[in-house]
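Chemist: Got a structure for you, questions after.
Rule-based calculations on the coordinates, nothing more; no lab input. Because the structure is a prediction, the values reported are computed rather than measured. Neighbour counts run over all protein chains shown; Cβ positions are idealised from the backbone, glycine included.
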Amino acid sequence: MAVTQTRPQPVIELSDATFRRAGKEILQQVTFTVRAGEHWALLGPNGAGKSTILGLCGALTHPTTGAVHVLGSRLGRVELQALRRTIGHVNPRHPLRSPLRARDVVLTGLTGSVELPPRWQPSGDDLDQADALLDTLGLAGMADELWPTLSQGERGRLLIARALISRPRLLLLDEPSTGLDVAAREQLLETIDLLDETHPDTASIVVTHHLEELPATTTHALLLRAGRVVAAGPARAVLTTANVSAAFDHPIEVGHRDGRWTAQAARKRTA
């Protein structure tokens, strides 16, 4: 007897989502669905609308028209603060200024704050979970290191641990490779790839300008140009020479090898 496989539940659903600001249309009828366990890449040139889409997915803003469902709740009909606590955010421009210890930075993911709140005390389980995440993400033995002393790559992995401690169903990574050298970038991407094993049901969206910065575990992609979707769906079908060239309005050759993508300007062939 054949076994019927059910599709994973939607985590993000945008249906004809349009967003206007100061009379300007930033997004135009954007539609796509992210399901549990999928890993999406969101790509496009500057001004394409990537940050606006991430704001919708993170329940930080509402669409002007159309519908956005996040974790089963429609924006505009749900208490946003509660919804945001179930979403993990990784922003390399994290505004922490004080010399918090690495373990404490991770714990702020439970409070949803930049600093540890006054009089808040983590439980023993919280501390164990923070240390386990540090160990899993290659930061074992660094729990007491201070934020200002960490390298940019170490900070990037620490912020992923911070995002994961609340056990989110959705993880949003906003240009996580910003400011990293090649070695640090590769270490960060290995960390993101590891999440496919350690958090198999968590959906993720990575925003980037560069195909080389996509994790090997990327399953789907959305290409934007001027607020419109050029292509959306399985990554191998979307990230093609034709689609990427159309999104960036420039002839770009796309390659794919060992799970990683490359992109370079297409060279004119001489006779």
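Chemist: Pop a pseudo-label 7 angstrom from the Cα along the beta-carbon direction at both Q28 and S123 and give the gap in nm to one decimal.
Modeler: Result for the modelled spin labels: 5.1 nm.
Chemist: In degrees between 0 and 90, to the nearest 10, how far off the longest principal axis of the chain does helix 182-198 point, with axes built from Cα atoms?
Modeler: The answer is roughly 80 degrees.
Chemist: At a 10 Å Cβ-Cβ cut-off, how would you order R101, R267, R162, fewest neighbours first?
Modeler: Working: R101 15, R267 8, R162 24.
Arranged by neighbour count, lowest to highest, R101, R267, R162 become R267, R101, R162.
Chemist: Can you say what percent of the DSSP beta bridges in the chain, counting only those with both residues inside, are antiparallel? Round to 5.
Modeler: Antiparallel: roughly 60 percent of the beta bridges in the chain.
Chemist: When the Karplus curve 6.51 cos²θ - 1.76 cosθ + 1.60 is applied with θ = phi - 60°, which whole-Hz ³J(HN,Hα) does each residue of segment 116-123 get, with x for Gly and Pro?
Modeler: 5, x, x, 6, 7, 10, x, 7
Chemist: Most exposed first by the Cβ proxy, i.e. fewest other Cβ within 10 Å, how do S166, S98 rank? Write down the numbers at each step before the final one.
Modeler: Values: S166 15, S98 11.
So the residues, fewest neighbours to most, are S98, S166.
Chemist: Given axes a ≥ b ≥ c from the Cα gyration tensor, I'd like to know whether segment 127-199 is rounded (a/c under 1.5), prolate (a/b larger than b/c) or oblate.
Modeler: Oblate, because a/c is 1.5 or more while a/b does not exceed b/c.
Chemist: Follow-up question, since we're still on this one. What list of ³J(HN,Hα) couplings, whole Hz, do you get for segment 56-73 from phi and the Karplus terms 6.51, -1.76, 1.60, once you set θ to phi - 60° and write x for glycine and proline?
Modeler: 5, 5, x, 6, 9, 8, 10, x, 6, 9, x, 10, 10, 10, 10, 6, x, 10
Chemist: Report, in whole Å, the centroid distance computed from the Cα atoms of segment 83-112 and segment 170-204.
Modeler: When both Cα centres are located, 16 Å separates them.
Chemist: Working from the alpha-carbon coordinates of segment 98-167, get Rg over Rh, Rh being the Kirkwood radius. Walk me through the numbers before you get to the answer.
Modeler: Details: Rg = 10.8 Å, Rh = 11.8 Å.
Reported Rg/Rh, Kirkwood definition of Rh: 0.92.
Chemist: Now for a separate question. Given R₀ = 25 Å, FRET efficiency for R257-T178 by Cβ-Cβ distance, to 0.05? Let's see the in-between values first.
Modeler: Details: r = 24 Å, r/R0 = 0.98.
My answer for the efficiency is 0.55.
Chemist: Show me the ranking of peptides 200-206, 119-125, 154-160 by mean Cβ neighbours inside 10 Å, starting with the highest. It would help to have the intermediate numbers written out before the result.
Modeler: Details: 200-206: 20.6, 119-125: 9.4, 154-160: 24.0.
Result, highest mean Cβ count within 10 Å first: 154-160, 200-206, 119-125.
Chemist: Still on this structure, I have one more. Over all directions, what mean area does the Cα convex hull of the chain project, stated in square nanometres? The partial results should precede the final answer.
Modeler: Values: hull surface 76.5 nm².
Directional mean of the projected Cα hull area for the chain stands at 19.1 nm².
Chemist: Hey, another quick one. Considering Cα pairs under 8 angstrom that are at least six residues apart, work out the relative contact order of the chain and quote it in whole percent. Let's see the in-between values first.
Modeler: Values: 519 pairs, mean separation 62.7, N = 271.
Relative contact order for the chain comes out at 23 percent.
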